[in-house]
Amino acid sequence: MKAWRLKEFNQPLSFEEIDDPVITDPTDVIIKIGGAGVCRTDLHLIEGIWDETLKTPLPFTIGHENAGWVHEIGSGVTTFEVGDPVIVHPVASCGKCLSCRAGEDMHCENLVFPGLTADGGYAEFLKTSERALIKLENGVEPKDVAPLADAGITAYRAVQKAAPLAKPGTKALLIGMGGLGHIAVQLMREFGNSDIIAMDTNEERLKLASDYGADESVLVKDGMIEEVLHLSEAKGVDLIIDLVGTDQTHEDSMKMLKKGGSYFVVGYGGALHVPSLNIINNEVNIVGSLVGNYNQLYELMKLHAKGKIHLHSTSYPLSEANEVLKKLDEGIINGRTVLVPE
Ligand SMILES: [Zn+2]
Ligand SMILES: [Zn+2]
């Protein structure tokens, strides 16, 4: 099959003919890819910033935001049949460790993460496990929902953490209105009662955010911190969901957060430096949020089927992966992009 291989950090991917994945465990499933979402994590993998944490297995196929059809099943698979359309939870978790038993797939002690620690979905076929699959509702096309597998649940989990604090009269600032942000706005509308302030570097993405329910929009520019403080009557916002996670967004967030406020870090790549004096004096909560568990993906798919969450996505042929990654890096993508095998 054809697959995009990451062979060397900071180099374009290479489109190569490799062996099809094969079933090695009774619960393995091979998926015929219908769509693979393109994520900023893919850029971070190419930059090599995951290498220290995950020991990136070069060369390998990236792509962790996948949906498609069941193509082949292991001898122990009982809940799916060949041909079933499915969305793929990003990790194949073991089901046996304490984290799995608590439902926290992302914390699995024996986790396999196709697209990060094993071959992923920028390819014609992908190997995962039965545990990772959710059947699509009738009439739902894999390419139209693939980004919900990662961008979607990442926004969902962060909003689930923030929503109990999003009481009427509070202000929630959402930073970054791209693939995750445009979904996070809709979920905050659905689950919270805060006034939502959307922030982005791009007017078009801010327009999309207001179409999806943001009350205010703030363009990233000089004076934006004052603008946010003004919108929150000079006290700062109660909640920030940072879907970008650069040195700059971390630093700015600490200036825009109200005393007692909560800062949810979802995007990553930068470093957050906060004097402990400020943490105690301002009583701020700093909370990390990582992707989402299987049940959260299940719930999100149900919300999507009800028409409550819209995904703004554009499809490209799989062969254009490097061009799409370049566009993402340049910040000119609105919503999410999905690679579709020809
Ligand atoms: Zn991702
Ligand atoms: Zn486990």
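ILE73 versus (1) open to solvent by 70 Å² or more (accessible area, probe 1.4 Å); (2) over 20 Å from ASP329 (Cα atoms): which is the lone unmet condition?
Going through (1) open to solvent by 70 Å² or more (accessible area, probe 1.4 Å); (2) over 20 Å from ASP329 (Cα atoms) one by one, ILE73 breaks only (1).
Residue by residue through the stretch 64-99, note down the ones that are away from ligand 2 (no atom under 16 Å from the Cβ) and among the aliphatic types (A, V, I, L, M).
ALA67, VAL70, ILE73, VAL77, VAL82, VAL86, ILE87, VAL88
Looking at this structure, is HIS44 in contact with a Gly (Cβ under 9 Å, 6 or more places away or on another chain), within 24 Å of TYR294 (Cβ to Cβ), open to solvent by less than 70 Å² (accessible area, probe 1.4 Å) and in a loop (DSSP other than H, G, I, E, B)?
No: the conditions fail for HIS44.
Among LEU243, LEU297, LEU290, which is open to solvent by 70 Å² or more (accessible area, probe 1.4 Å), of a type in the set (A, V, I, L, M) and modelled with pLDDT of 95 or more?
LEU290
Where the second residue is loosely packed, with under 14 Cβ neighbours inside 10 Å and the first is more than 20 Å from ASN334 (Cβ to Cβ) and lies in the stretch 209-226, which pairs have Cβ atoms under 9 Å and are six or more apart or on separate chains?
Going by the 9 Å Cβ cut-off, the qualifying pairs are ILE225/LYS255.
Considering only residues that are in contact with a Pro (Cβ under 6 Å, 6 or more places away or on another chain) and crowded, with 21+ Cβ neighbours inside 10 Å, look in the stretch 314-342 and name the one that is nearest to GLU137 (Cα to Cα).
Our first condition is that a residue be in contact with a Pro (Cβ under 6 Å, 6 or more places away or on another chain); within the stretch 314-342, this holds for 318, 322, 336, 342.
Add one more test, that the residue is crowded, with 21+ Cβ neighbours inside 10 Å, and what stays is 318, 336.
Details: LEU318: 24, ARG336: 21 Å.
Ranking the candidates gives ARG336 first.
Being surrounded by 14 or more Cβ atoms within 10 Å (Cβ to Cβ) and part of a loop (DSSP other than H, G, I, E, B) is the filter; apply it to the stretch 26-41 and report the residue that is nearest to the chain's Cα centre (by Cα).
Checked the stretch 26-41; the qualifying residue nearest to the chain's Cα centre (by Cα) is CYS39.
Only one of these conditions is not met by ASN10: (1) surrounded by fewer than 23 Cβ atoms within 10 Å (Cβ to Cβ); (2) in contact with a strand residue (DSSP E or B) (Cβ under 6 Å, 6 or more places away or on another chain). Which number is it?
Among (1) surrounded by fewer than 23 Cβ atoms within 10 Å (Cβ to Cβ); (2) in contact with a strand residue (DSSP E or B) (Cβ under 6 Å, 6 or more places away or on another chain), the lone unmet condition for ASN10 is (2).
Criterion first (open to solvent by 20 Å² or more (accessible area, probe 1.4 Å), of a type in the set (Gly, Ala, Ser), over 24 Å from the mean Cα position of the chain (by Cα) and on the phi < 0 side of the Ramachandran plot) does SER276 satisfy it?
Against the criterion (open to solvent by 20 Å² or more (accessible area, probe 1.4 Å), of a type in the set (Gly, Ala, Ser), over 24 Å from the mean Cα position of the chain (by Cα) and on the phi < 0 side of the Ramachandran plot), SER276 qualifies.
When the residues of the stretch 72-108 are filtered to those that are among the charged types (D, E, K, R) and under 21 Å from the mean Cα position of the chain (by Cα), which remaining residue is nearest to LYS32 (Cα to Cα)? Full working, then the answer.
Taking the stretch 72-108 as the starting set, the residues that turn out to be among the charged types (D, E, K, R) are 72, 81, 84, 96, 101, 104-105.
Subsequent filtering for residues that are under 21 Å from the mean Cα position of the chain (by Cα) retains 104-105.
Numbers: GLU104: 26, ASP105: 23 Å.
Ranking the qualifying residues of the stretch 72-108, first place goes to ASP105.
Given (1) open to solvent by 40 Å² or more (accessible area, probe 1.4 Å); (2) within 20 Å of the chain's Cα centre (by Cα), where does LYS55 come up short, assuming only one miss?
(2)
Does GLU251 fit the bill of being among the acidic types (Asp, Glu), assigned by TED's automatic domain parsing to the domain that holds THR170 and open to solvent by 60 Å² or more (accessible area, probe 1.4 Å)?
Yes, satisfied.
Do you know which residues across the stretch 309-342 are out of contact with any Phe, Trp or Tyr (no Cβ under 6 Å at 6 or more places or on another chain) and part of a helix (DSSP H, G or I)?
Within the stretch 309-342, LEU318, SER319, GLU320, ASN322, GLU323, LEU325, LYS326, LYS327, LEU328, ASP329, GLU330 qualify.
Inspect the stretch 63-73 for any residue being among the acidic types (Asp, Glu) and under 28 Å from HIS182 (Cα atoms) and give the result as yes or no.
Scanning the stretch 63-73 turns up at least one residue that is among the acidic types (Asp, Glu) and under 28 Å from HIS182 (Cα atoms).
Out of the strands (runs of 3 or more DSSP E) lying entirely within the stretch 91-205, which hold 3 or more residues that are crowded, with 20+ Cβ neighbours inside 10 Å?
Here the list reads 125-129, 171-175, 195-200.
The values are calculated or read from the model by the stated rules, or taken from the named source; none is laboratory data. Worth saying up front: this structure is predicted, and the values here are computed from it rather than measured. So basically every Cβ, Gly included, is an ideal-geometry build from the backbone, and we count neighbours across all protein chains shown. We work out accessible area using only protein heavy atoms, side chains counted, and drop any ligands, DNA or RNA first. Shrake-Rupley method; radii C 1.70, N 1.55, O 1.52, S 1.80 Å.
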